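What follows is a set of notes on a single structure, which appears directly below.
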Amino acid sequence: MSKSKKLNVQGVAITFYENEKNDYISLTDIARYKETEHTDTVIQNWLRNRNTVELLGF
């Protein structure tokens, strides 16, 4: 069973999920800081960035 925690960063609540072996952070919560209505567009643009692709390759 995973546990979740919230961290308040510059007025935005960011959710962290923890399970037995992995930790996850909500990209949607982070994108909500930049654009509250179109978080999907923010994430799509982030995934198109070359530096992001290289980071995910590690």
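The values are calculated or read from the model by the stated rules, or taken from the named source; none is laboratory data. Every value quoted in this text rests on a predicted model; they were computed, and no experiment measured them. Note: ideal-geometry Cβ built from the backbone for every residue, glycine included; neighbour counts use all protein chains shown. Please note that ligands, DNA and RNA were not included when accessible areas were found on the heavy atoms of the full protein model with its side chains. Shrake-Rupley method; radii C 1.70, N 1.55, O 1.52, S 1.80 Å.
Computed quantities for the displayed model
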quantity: Lys34 vs. criteria closer than 19 Å to Lys3 by Cβ and at pLDDT below 90; calculated: no
quantity: Positions within segment 17-58 being of a type in the set (D, E, K, R), out of contact with any strand residue (DSSP E or B) (no Cβ under 7 Å at 6 or more places or on another chain) and open to solvent by 90 Å² or more (accessible area, probe 1.4 Å), in sequence order; calculated: Glu20, Lys21, Lys34, Glu37, Arg48, Arg50
quantity: Residue ranges of strands (runs of 3 or more DSSP E) in the chain with at least 2 members among the aromatic types (Phe, Trp, Tyr) and at negative phi; calculated: 12-18
